[in-house]
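Q: One structure, as structure tokens, below. Some questions next.
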Amino acid sequence: MKQYAVNKLAKLAGVSVRTLHYYDQIGLLTPSVRTSAGYRLYSEAELLRLQQILFYRELDVELKEIGNILDDPGFDLVHALESHRQMLLSKKSRIEALVATVEKTIFHLKNKVNMNAEDLYAGLPKEQAEAWRREAKEKWPDQVAHAEKQLLTMDKESYRQLQEGFKANGEILASLAAAGQDPASDQVQQEIAVHYRYILQFWGKAGNQAAAYKGLGDLLANDERYTQVNGAANPALGKFMQQAIHIYAERKLQ
């Protein structure tokens with residue numbers, strides 16, 4: 001019968017010699033043989049018992065309770081191992097899910113690229129972008145300052161998603177206008193509510209929101225640059241947006 005000295009067993013099990021000495025001291029794991037020189041020798045039975053001790057410790061069971069479990073006459077080693085296997089597989093799944101979450105977070109942080117001022121006006125000719133920004137700052141200095149500060153905290157992917165969502169919302173509203181929908185209808189007002197939430201991401205919540213949002217509606221009706229469709233002026237869309245926005249502001253923002 002093969003026997004293991006305490007140093008060898010400690011190395012095999014990945015525990016310290018001091019731990020094995022302590023388990024012996026409290027009667028949790030006693031060696032099968034003590035030599036006349038005081039050396040501890042462990043057989044296969046002690047190896048299996050130590051395995052159970054380590055399994056239960058992994059499950060945060062107290063040492064005293066582990067001793068009670070292992071010393072119970074009805075203790076079934078095979079059943080215990082099957083139970084440990086199931087619990088360890090469950091724990092493995094949870095850990096794998098956590099690892100996946102951590103990896104996604106690391107990837108996001110490593111690939112996060114903050115916006116710069118030029119990115120806010122990408123896609124517009126430089127002179128036009130500068131003119132629009134200058135004009136907007138004259139008309140709505142607080143809103144423009146808030147919008148630029150807010151947007152510059154975003155990474156490029158988040159900003160792209162915001163742009164795409166806002167564009168999709170605008171296209172839906174344009175299609176509703178072209179179809180002759182009543183600006184007061186539930187369908188139109190639902191999309192205007194989405195439009196308003198997007199606007200808040202640029203403006204923030206400050207001042208008289210109803211008046212500010214109505215002012216935006218008036219701008220859309222009076223300045224064809226903001227309601228062009230495929231590069232062509234669309235005064236009907238501007239009027240539609242003005243009416244829909246005024247209705248929403250009076251119903252929801254007063």
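The values are calculated or read from the model by the stated rules, or taken from the named source; none is laboratory data. Owing to the predicted nature of the structure, the values given are computational and were not obtained by experimental measurement. We place every Cβ from the backbone using ideal geometry, glycine too, and count neighbours over all the protein chains shown.
Q: Sort out which residues of segment 26-57 are outside any loop (DSSP other than H, G, I, E, B) and either touching a Lys or Arg at 6+ places or on another chain (Cβ under 8 Å) or among the aromatic types (Phe, Trp, Tyr) (or both), and write them in order of number.
A: Selection gives VAL33, ARG34, ARG40, LEU41, TYR42, GLU44, PHE55, TYR56.
Q: Is it true that GLN243 is within 33 Å of the chain's Cα centre (by Cα), surrounded by fewer than 20 Cβ atoms within 10 Å (Cβ to Cβ) and either in the same structural domain as GLU164 (by TED's automatic domain parsing) or closer than 17 Å to ALA168 by Cβ (or both)? Break it down stepwise before answering.
A: Details: within 33 Å of the chain's Cα centre (by Cα): no; surrounded by fewer than 20 Cβ atoms within 10 Å (Cβ to Cβ): yes; either in the same structural domain as GLU164 (by TED's automatic domain parsing) or closer than 17 Å to ALA168 by Cβ (or both): yes.
No, not satisfied.
Q: From the set of residues in segment 1-21 that are in contact (Cβ under 8 Å) with a residue 24 or more places away in the chain and touching a Ser or Thr at 6+ places or on another chain (Cβ under 7 Å), which is nearest to LEU48 (Cα to Cα)?
A: GLN3
Q: Taking segment 60-76 only, how many residues are outside any loop (DSSP other than H, G, I, E, B), under 42 Å from the mean Cα position of the chain (by Cα) and more than 17 Å from LEU20 (Cα to Cα)?
A: Applying the first criterion (outside any loop (DSSP other than H, G, I, E, B)) to segment 60-76 yields 63-71.
If we keep only those that are under 42 Å from the mean Cα position of the chain (by Cα) as well, we get 63-66, 69.
With more than 17 Å from LEU20 (Cα to Cα) added as a condition, the list becomes 65, 69.
Looking only at that region, the number is 2.
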